[in-house]
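Here is the structure we will look at.
The values are calculated or read from the model by the stated rules, or taken from the named source; none is laboratory data. Computed from a predicted structure; not experimentally measured. FYI the Cβ positions are ideal-geometry reconstructions off the backbone, even for glycines, and counts take in every protein chain you see.
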Amino acid sequence: MSAPSPVRVNPLYLGSYLAARGPGSAAATEPPADPEVLQEETALPSSAIKGDSPVDPGPLPMAHGESHVPTAVRERLALALAGGALHTELVVAALNQAASESSPTVEALEAYQVQASQWIEATTRRLAHAWQSSGAVSSEAPSGGGPIPEEHRYEIARLLARVLRDHPAAPTQIEPACMAIYLTVPETVHRSLSPDSGMRLAEARALAQVLMAVLRCDFQREVSTVLNDAWAAIAETVERQAQSLDQALDLTPDARQRAWRHLLEAAGVLYAATLARVHRDSVSMIQAYQDCLNARDSVGADRLAQAYQERRLGYTGIPHYFQKAVTPMDRWLRVALAEEATVRGAMSTVAETSSDPSSPPRNRSPAAPHRGNTP
């Protein structure tokens, strides 16, 4: 079966994503340029390049002597590279599929790209509906097909592509509506911050990290149950860490939002790693227990069962080990904030001393003698 060629990136809102990263520019709607054409265009003057280009998301690093490369070319190059990065994820996902009798063909890889792109787009629409229903974004936001801001759509596509890389069968096993539910925090949970679209995206990233671990590790629990439990632990951890930062630094609302987003990503990664480690250790010990039973070694089996309980393995032990994983991060934050407070205190002391007229001069060179007093 042959897939349409070339596989377009435009449905994944690449142009709008890059355009939104620059102020005062309309989003580009044309598909990304063919990378082979870019090499030819680098020799053309800017007046020879036709069509609108998205704003440069951050000029590509230029070596000395290459500053003459037209800005429009750099913009289109950024667009092509962004699309290439996304489709690389999809090709890797296709290659990660279960082994089949035949080696992967170009047609098969492109067919998977098409299927995965359609699944990503459908999931993004479902996410848009879920976020709009929750009031996380304005229904008037310029999204070109939903309430998710354009600059977030490509990020969602990359996030979903990473899920596919880890679990390539997702397009046939997880309905887009179900995937959207997995990546959306229930409205029944308590939030100390308003869940705008940026926060929703950060939450989705954290949940996606856990989801990838859940799909690999079977704890005989519903996926939604594991994700809800994970969110409760992650949110509690982030709330505690954010409060420490806020108390020490007196954060503005915007800075606190950014801190939450960073802390969410870190906590999601830690929870996913904890879940995978507990699953691996639990499976290993259960297998050893089964081996003892098969060998009619009841004493050894009892010893392993006791150790299993003492080590707090199994699904119920995940919160215990997650707190162990979070402890070094908590300690690091305390040390960093203590050092910051020490530096701030020292600077305050210097400032007060400098402003006190009764304090002696500090670090001043001796005044030159008056010429009238010279011998």
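Going by what's in this entry, would E187 be described as free of Cβ contacts under 8 Å to residues at least 24 places away in the same chain and out of contact with any Leu (no Cβ under 8 Å at 6 or more places or on another chain)?
No.
Each row is one residue, and each column tells you yes or no for (1) basic (K, R); (2) out of contact with any helix residue (DSSP H, G or I) (no Cβ under 9 Å at 6 or more places or on another chain); (3) modelled with pLDDT of 95 or more.
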site	(1), (2), (3)
D229	no, no, yes
A288	no, no, yes
R296	yes, yes, yes
R303	yes, no, yes
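Identify all residues within region 249-288 that are surrounded by 19 or more Cβ atoms within 10 Å (Cβ to Cβ) and over 26 Å from the mean Cα position of the chain (by Cα); write none if there are none.
Answer for region 249-288, where residues must be surrounded by 19 or more Cβ atoms within 10 Å (Cβ to Cβ) and over 26 Å from the mean Cα position of the chain (by Cα): just S282.
For every residue, the table says whether it meets (1) farther than 27 Å from T225 by Cβ; (2) modelled with pLDDT under 95; (3) touching a helix residue (DSSP H, G or I) at 6+ places or on another chain (Cβ under 9 Å); (4) not in a helix (DSSP H, G or I).
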{"residue": "C292", "(1), (2), (3), (4)": "yes, no, yes, no"}
{"residue": "V299", "(1), (2), (3), (4)": "yes, no, yes, no"}
{"residue": "I318", "(1), (2), (3), (4)": "no, no, yes, no"}
{"residue": "E339", "(1), (2), (3), (4)": "yes, yes, no, no"}
{"residue": "V343", "(1), (2), (3), (4)": "yes, yes, no, no"}
{"residue": "T349", "(1), (2), (3), (4)": "yes, yes, no, no"}
{"residue": "T353", "(1), (2), (3), (4)": "yes, yes, no, no"}
{"residue": "S359", "(1), (2), (3), (4)": "yes, yes, yes, yes"}
{"residue": "N363", "(1), (2), (3), (4)": "yes, yes, no, yes"}
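Residues that are within 30 Å of L337 (Cα to Cα) and buried (at least 18 other Cβ atoms within 10 Å of the Cβ): does region 209-221 have at least one?
Checked region 209-221: at least one residue is within 30 Å of L337 (Cα to Cα) and buried (at least 18 other Cβ atoms within 10 Å of the Cβ).
Show the residue pairs meeting these rules: Cβ distance below 6 Å; 6+ apart or different chains; first residue within region 196-217 and assigned to a helix (DSSP H, G or I); second residue surrounded by fewer than 23 Cβ atoms within 10 Å (Cβ to Cβ) and among the charged types (D, E, K, R).
A202/R261; R205/E265; M212/D166
Looking only at region 218-239, count how many residues are free of Cβ contacts under 8 Å to residues at least 24 places away in the same chain and more than 27 Å from S284 (Cβ to Cβ).
The qualifying residues number 1.
If a residue must be under 19 Å from E155 (Cβ atoms) and surrounded by fewer than 20 Cβ atoms within 10 Å (Cβ to Cβ), how many such residues does region 90-112 contain?
Looking only at that region, the number is 1.
Would you say R240 is over 20 Å from the mean Cα position of the chain (by Cα), over 24 Å from T123 (Cα atoms) and part of a helix (DSSP H, G or I)?
yes
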